[in-house]
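Participant: Quick one: the structure is below, questions incoming.
The values are calculated or read from the model by the stated rules, or taken from the named source; none is laboratory data. Everything numeric here is computed off the predicted structure, so don't read it as measured data. Methodologically, a virtual Cβ is constructed for each residue, glycine included, from the backbone with ideal geometry; neighbour enumeration extends over all protein chains shown. Calculation scope for accessible area: heavy atoms of the full protein, side chains included, ligands and nucleic acids excluded. Shrake-Rupley method; radii C 1.70, N 1.55, O 1.52, S 1.80 Å.
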Amino acid sequence: MNLTEQVNSLDDFQRQSDLDFILSARIGLVIQILGWFTIVALTGFYSMQPVLTLKLSWLLLIISLLRYTHIALHHYFYVKSSRMWMFVHYFLLLLQSVFWSGFYVYQVSLDELSPTLLATVLLIAVVCNGAVFTMRSKLVMTQLYFAATLLPAAYLSWSQPNLHFLSALITVYWLYLVGVALRSHKQYQRNYVARLNLTKNSQTIELKDKIDSLTKIYNRSFFEDCFEYQWQLAVRNGTDMALLMVDIDNFKSINDAYGKDYGNQCLVQIADIIRQSAKRQTDMVVRYEGEEFVLILPDTEQAAALKLAELIRRNLQFAEFSCAGENHTVTASIGLGVIKPKQYSSPTMLLQKAEMALFQAKTHGRNRVELA
């Protein structure tokens, strides 16, 4: 398993948990429609209360359409943007809970429904919400959904002496759902921690092959493995991504004048300077090849990337490198590319922009930052 697969394993675990809700919601959608019409047909309720049956059926139809919309939009937004998906997911879920609550409260307030029929309708409708059990990774949202759905009807039932049993029934069922949600969430957390520990152990072993033996920063192999993953992550989150290419000016002359050992010492110091300049934990510093370094900057806009590039250039220019009692200086040409990745686009686009900017920096006199 390579590094990208290891990082993706945790995302896949979370994604599967999110998708389980939608898969279960499909079954619930069928049950709530068939269950309602079965109750209406078997009890003869439609022949006794045709107008009321139609009103309740329209309410149930609205709820079904909301759930179907939730299912239909889930995959679309999940691929597009995790932030947008989260907003749509929570909004539609809470909207469904409001309509379910209204559906229950409306039935409880009706004199036309017998307590037995009312209890049957409410419990079958509640069973249709079993998909929410699968939201084990989102405990607060699950509890909020159940509370908003059931407690108003329980309160209204308690206010009517002949429906105290129904209020108790709904309350007990709500407490049961709370308990199931807590148990599911704890199981999810245990599984997630186990997956996280397994991934960390695998990454520790894999990382040994991803570190440059001289400078102790990431190597070209890591870059090729991680660059694609960061690109796809930016596509999903809808964020900018920047890439810096840093090339030490005239480095061959340093090796020729002072020897390869001194050149290697300089590369180690250069790598430390670049690494210390990039302060965010998410910024990845890579020895690309020879005296060329690359920085992968996730979720970084153009202004911030330019500021970091200029900081690196200055820090390198004013650093002192010593050999045989003499101090020397080095300069660097830096190329910068910034893109907001889109679906079906390639990370090669960003690499080419950074390479073009680096070429411009060298062409225009070196020791400078260029933006493609």
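Participant: Scan the range 217-230 residue by residue and report those that are in contact (Cβ under 8 Å) with a residue 12 or more places away in the chain and out of contact with any strand residue (DSSP E or B) (no Cβ under 9 Å at 6 or more places or on another chain).
Facilitator: Across the range 217-230, the qualifying residues are Ser221, Asp225, Glu228, Tyr229.
Participant: Then there's this: Only one residue in Leu233, Leu214 is farther than 23 Å from Leu308 by Cβ, in contact (Cβ under 8 Å) with a residue 12 or more places away in the chain and of a type in the set (A, V, I, L, M), so which one is that?
Facilitator: That would be Leu214, the only listed residue that is farther than 23 Å from Leu308 by Cβ, in contact (Cβ under 8 Å) with a residue 12 or more places away in the chain and of a type in the set (A, V, I, L, M).
Participant: For the range 304-343, give me the residue count where each residue is farther than 27 Å from Tyr258 by Cβ and among the β-branched types (Val, Ile, Thr).
Facilitator: 2
Participant: Something else now. I'm checking my understanding of the structure. Among residues of the range 349-368 that are closer than 19 Å to Pro298 by Cα and of a type in the set (A, V, I, L, M, F, W, C), which one is surrounded by the most Cβ atoms within 10 Å (Cβ to Cβ)? Walk me through it before giving the result.
Facilitator: First pass over the range 349-368, keeping only residues closer than 19 Å to Pro298 by Cα: 349-355, 357.
Retained after the next criterion (residues that are of a type in the set (A, V, I, L, M, F, W, C)): 349-351, 354, 357.
Working: Met349: 14, Leu350: 23, Leu351: 17, Ala354: 26, Ala357: 23.
Step by step, filter the range 349-368, then rank; the result is Ala354.
Participant: Further, regarding this structure: Report, by residue number, each residue of the range 44-59 that is among the β-branched types (Val, Ile, Thr) and open to solvent by 70 Å² or more (accessible area, probe 1.4 Å).
Facilitator: Val51, the sole residue that qualifies.
Participant: A further question follows. Name the single residue that is most open to solvent (accessible area, probe 1.4 Å) among those in the range 277-303 being without any contact (Cβ under 8 Å) to a residue 40 or more places away in the chain and within 28 Å of the chain's Cα centre (by Cα).
Facilitator: Of the residues in the range 277-303, the ones without any contact (Cβ under 8 Å) to a residue 40 or more places away in the chain are 277-283, 290, 303.
Next, only the ones that are within 28 Å of the chain's Cα centre (by Cα) stay: 277-283, 303.
Details: Ser277: 8, Ala278: 10, Lys279: 164, Arg280: 97, Gln281: 185, Thr282: 75, Asp283: 21, Ala303: 78 Å².
Only one residue fits best here, namely Gln281.
Participant: Taking the range 189-213, which residues are modelled with pLDDT of 85 or more and either open to solvent by 50 Å² or more (accessible area, probe 1.4 Å) or farther than 23 Å from Gln276 by Cβ (or both)?
Facilitator: Ile211, Ser213
Participant: So in the range 316-348, with the set limited to residues that are more than 16 Å from Gln302 (Cα to Cα) and under 31 Å from the mean Cα position of the chain (by Cα), which one is most open to solvent (accessible area, probe 1.4 Å)?
Facilitator: If we take residues in the range 316-348 being more than 16 Å from Gln302 (Cα to Cα) and under 31 Å from the mean Cα position of the chain (by Cα), then Tyr344 is most open to solvent (accessible area, probe 1.4 Å).
Participant: Oh, and also: Looking only at the range 60-95, count how many residues are surrounded by 17 or more Cβ atoms within 10 Å (Cβ to Cβ), touching a residue at least 40 places away in the same chain (Cβ under 8 Å) and farther than 30 Å from Trp231 by Cβ.
Facilitator: 4
Participant: Just name the residue that is least open to solvent (accessible area, probe 1.4 Å) out of those in the range 304-315 that are of a type in the set (D, E, K, R) and touching a residue at least 24 places away in the same chain (Cβ under 8 Å).
Facilitator: Arg313
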